[in-house]
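Since the structure comes first, as structure tokens, the remarks are kept for the end.
The values are calculated or read from the model by the stated rules, or taken from the named source; none is laboratory data. Quick caveat, the model's predicted, so the values are computed rather than measured. For neighbour counting, all protein chains shown are included, and Cβ atoms are generated from backbone atoms with ideal geometry for every residue, glycine included. Accessible surface is based on the protein model in full, side chains and every heavy atom, while ligands, DNA and RNA are left aside. Shrake-Rupley method; radii C 1.70, N 1.55, O 1.52, S 1.80 Å.
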Amino acid sequence: MHIRTGRNEELAQFLRAMRERLRPEQVGLADQGRRRTPGLRRQEVAQLAAVSVEWYIRLEQGRASAPGAAVLDGLARALRLSPAEHRHLHVIARGEAPVARPECLPVSESLRVLMDGMPLLPAYLVDFRFDVLAHNSAAAALFGEDFGSGVADNTARMLFLSPRMREMQLDWARVARETVGNLRATLARHPDEPRLLEVIGELRSTVPEFALWWDDHTVRQRAHGTKRISHPAVGELTVHYDTLATLDGAGQSLIVLTPADTAAEACLRALMVDRAGALGALGGPGLHALPALPAARARHPEVPGGSAQPGPAPRRRPGRR
């Protein structure tokens, strides 16, 4: 005898609710007159899902064991479930969601507005292949005007193939190893994705470190962390990063970098002011020159309010003012 559990009961209630909202003509069945209860009959659902009527009745009564993934997919088709309802069916029945192939959706206008609304925080949007889809001005100021094109069209390719990026990432080995682990975990979910296979194949054949770490089956995924960056214009800065996933089925993620301290904040502001001045756009939102803290001015003389002389601040000798 099968013992009823909370999960079984939740599944039973969900199936009944989904069945009762459908009419025969919605699923291609003939309407055989007035029904005592709304929706499809249990035998009709069983017929559409290609399962036995007796088993489906037990499932709706919470007396059947957890169905397999293929059976759940058949029930989802029979009950005309939406993608979100399909995932929910798997979660309540088996405690796990099926891996869906991401949809190719354009970058939404609201995401572009969101990125542009953070003028001092580098932000960029990537898909599950690590391809850069969009970025704001602060990201271009930090990573360069070519960010999103050439070898910088993909964050994994940029990290491994750009000499400049290797120099900028002070903890390059750690960040690179995490990227390898992230790529491997992503490939397990999408093993037949051509672009993903192309990126991995290129890096395995051209970058010794990537091949070494790939072959040891590193698997690592991080949604947030800290990076130390050395920028030729402002020196060293420490930033936090957070990865925010969209929920529209596109497999897109928004990565936002935030300063870890006031010195890093001053560096990011200096980069944006310099870029805006070079483009003739000084005065945009968040780009006005604010007084920098004395410590930031000493470390980064190009920060607004500090010296206009580019390059590192000269060291003072003892006894000299």
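Across the range 55-67, in residue order, what do the Karplus-derived ³J(HN,Hα) couplings come to in whole Hz, using 6.51 cos²θ - 1.76 cosθ + 1.60 with θ = phi - 60° and x for Gly and Pro?
Result, rounded to whole Hz: 5, 5, 4, 4, 4, 6, 8, x, 10, 10, 6, 4, x.
Would you tally the net charge around residue 69, using a Cβ to Cβ cut-off of less than 14 Å, leaving residue 69 out, and scoring K and R as +1, D and E as -1?
Numbers: positive: 77, 87, 94; negative: 73, 96.
Local net charge: +1.
Can you give me the long-range amide H partners of residue 236? Hydrogens built in the peptide plane at 1.01 Å from N, cutoff under 5 Å, separation of 5 or more residues or another chain.
Residues meeting the amide H criterion: 231.
What is the calculated FRET efficiency for residue 212 to residue 65, with r their C-beta to C-beta distance and R₀ = 45 Å, to the nearest 0.05? Could the numbers behind the result be given before it?
Details: r = 45 Å, r/R0 = 1.00.
So the FRET efficiency works out to roughly 0.50.
Between the alpha-carbon centers of the range 62-112 and the range 137-200, tell me the distance in whole angstrom.
30
For residue 105, what charge total do you get from the other residues with a beta carbon under 11 Å from its beta carbon, if Lys and Arg give +1 and Asp and Glu give -1? Before the final figure, lay out the partial values.
Values: positive: none; negative: 103, 127, 248.
That works out to -3.
Calculate the dipole size of the range 28-72 relative to its Cα centre from +1 charges on Lys and Arg beta carbons and -1 charges on Asp and Glu beta carbons; express the result in debye to the nearest 20.
Details: 7 positive and 4 negative charges, 44 e Å.
The dipole of the range 28-72 has a size of about 220 debye.
Mind listing the long-range amide H neighbours of residue 171? Cut-off is under 5 Å, sequence gap 5 or more, other chains count too, H placed in the peptide plane at 1.01 Å from N.
Amide H neighbours of residue 171, under 5 Å, 5+ apart: 228.
Where in the range 209-226 does the label zone of residue 188 land, with the point 7 angstrom along Cα→C-beta and an amide N cut-off under 14 Å?
Flagged as within label range: 216-222.
Extension gain residue 54-residue 37, at 0.36 nm per residue separation less the Cα-Cα distance, in nm? Each step should come with its number before you reach the end.
Details: separation 17, 0.36 × 17 = 6.12 nm, distance 1.92 nm.
Working it through step by step, the gained length comes to 4.2 nm.
For the charge dipole of the range 90-132, defined by +1 on Lys and Arg C-beta atoms and -1 on Asp and Glu C-beta atoms about the Cα centroid, which residue among 130, 100, 117 has the Cα displaced farthest towards the positive pole?
My answer, from the dipole projection, is 100.
According to the Cα gyration tensor, what semi-axes, each the square root of 5 times an eigenvalue, does the equivalent ellipsoid of the range 206-276 have, listed from largest to smallest in whole Å?
Details: eigenvalues 159, 76, 29 Å².
In descending order the semi-axes read 28, 20, 12 Å.
With every protein chain kept in place and ligands, DNA and RNA left out, what is the accessible area per residue of the range 55-184? Probe 1.4 Å, answer in Å². Provide the component values of the computation, followed by the final result.
Values: 5540 Å² over 130 residues.
Per residue, the range 55-184 has 43 Å² of solvent-accessible surface.
Below 15 angstrom from the Cβ of residue 225, what's the summed charge of the other residues (Lys, Arg +1; Asp, Glu -1)?
Working: positive: 174, 177, 220, 222, 227, 228; negative: 171, 178, 242.
Residues close to residue 225 contribute a combined charge of +3.
Of 262, 186, 226, which has the most accessible area with a 1.4 Å probe, and how do the rest follow in descending order? The partial results should precede the final answer.
Numbers: 262 80, 186 5, 226 50 Å².
Putting 262, 186, 226 in descending order of accessible area: 262, 226, 186.
As an exercise, identify the GluC sites (Glu not before Pro) in the range 80-170 lying in DSSP coil whose Cβ has no more than 13 other Cβ atoms within 10 Å. Before the final figure, lay out each step's value.
On the way: sites: 85, 96, 103, 109, 145, 167; in loops: 96, 103, 145.
When the GluC sites (Glu not before Pro) of the range 80-170 are filtered for loop state and at most 13 Cβ neighbours within 10 Å, 96, 103, 145 remain.
Under the Kirkwood approximation for Rh and a Cα-based Rg, what ratio Rg/Rh is obtained for the range 43-135? Kindly include the intermediate steps, with their values, before the conclusion.
Values: Rg = 20.0 Å, Rh = 16.4 Å.
Taking Rh as the inverse mean 1/r over Cα pairs, Rg/Rh reads 1.23.
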